[in-house]
1. Seen from all sides and averaged, what is the projected area of the convex hull of the Cα atoms in region 113-215, in nm²?
2. Inverting the mean 1/r over all pairs of different Cα atoms, compute the Kirkwood radius of the chain and quote it in Å.
3. What distance in nm separates the two pseudo spin-label positions at Ala56 and Arg257, each 7 Å out from Cα along the beta-carbon direction?
4. Strictly over 27 Å apart at the Cα level, which of Lys20/Lys90; Lys92/Lys145; Lys44/Lys220; Lys35/Lys90; Lys20/Lys44; Lys44/Lys90 would you flag in this model?
5. Looking only at Cβ-Cβ distances, which cysteines of the chain have no other cysteine closer than 4.7 Å?
6. With θ set to phi - 60° and the Karplus curve 6.51 cos²θ - 1.76 cosθ + 1.60, what are the ³J(HN,Hα) couplings of region 26-38 in order, to the nearest whole Hz, using x for Gly and Pro?
7. Amide H to amide H, which residues 5 or more places from Gly98 or on other chains are under 5 Å from it, using H placed in the peptide plane?
8. Given H placed 1.01 Å from N in the peptide plane, which residues other than close sequence neighbours of Tyr175 have an amide H under 5 Å from its amide H?
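None of the figures in this text is laboratory data; all of them are computed from the coordinates on show. Bear in mind the structure is a predicted one, so any value in this text is a computation, not a measurement. Here the Cβ positions follow ideal geometry from the backbone for every residue, glycine too, while neighbour counts run over all protein chains shown.
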Amino acid sequence: MRQVRIFDSHCHLDDASYSKDLAQVIARARQAGVKAMMVVGIDKDTSRRAIAIAQAHDGIHASVGLHPHDARHCDEQVLTDLCRLADHPKVKAWGETGLDFNRMHSPRADQERCFTRQLEIGGQRDVPMIFHERDSGGRFLQLLKPHWRARRSGVVHCFSGSDAELDSYLALGLYIGVTGILTVHSRGAQLRAMVGRIPADRLLVETDAPYLTPTPERNKHRRNEPAFVGTVLNKLADVLGQPVEELAEITWANTCRLFDIDA
């Protein structure tokens, strides 16, 4: 593939698995054409680390937020601290936030309360939002819709929902993040069948690194990293029947537009 510029719209370079070789991970991403990355915070500490990484590197941006897994720790002081972090110029979004009724690391009531408060904060600050949804049975949309206005923007990262959920997200003007799941033979079959329904101007590619390593890298590497987002892009181009170079520019422009970053 000819060198292109790719935006990994969702990764966690603050993760402890990168503590010994972060510089090399970033260098490999650059060599693979990954010219920009969004490092996503999931609590106060990871948000702070995401900002530090973004501040130290051109082309790396940060978000702050509280993941549904950590919703049991959500209180007004934590949210106030996150708001202070969000004032940093390298912070381009709020999240990830949402609902996860699969693993239930936090009780449902705590998740719903924490998600609602972050929707309120995101609206007050008028910033793009990064959403996590897993097995919420429609509750995510029930909580989201009353807070969503036409001018608000956000992305459902690591999309793995139903046709009806996709239609609802698109009707709300949300972007859709596609991960390495697309490349996995059995697990990604449903996603491959659905991506053609996503308008070109709503598509983002992401790694969710260090998680969700795509195929074939997952056969050699347990840890995912931003350099592998090109594999997601290649597979997406193959499924859609589009030139990789063209799709790279489309997803680059989409990500910059969502996060209000100079393309």
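1. Its average projected convex-hull area is 6.8 nm².
2. Numbers: mean 1/r = 0.0550 Å⁻¹.
So the Kirkwood estimate lands at 18.2 Å.
3. Once both label points are built, they end up 3.4 nm from each other.
4. In this structure, Lys44/Lys220 exceed 27 Å between Cα atoms.
5. Cys11, Cys83, Cys158, Cys256
6. 5, 4, 5, 4, 4, 5, 8, x, 7, 8, 8, 9, 10
7. The list, which skips near neighbours in sequence, is His132.
8. HN-HN under 5 Å from Tyr175: Gly154, Val155, Val156.
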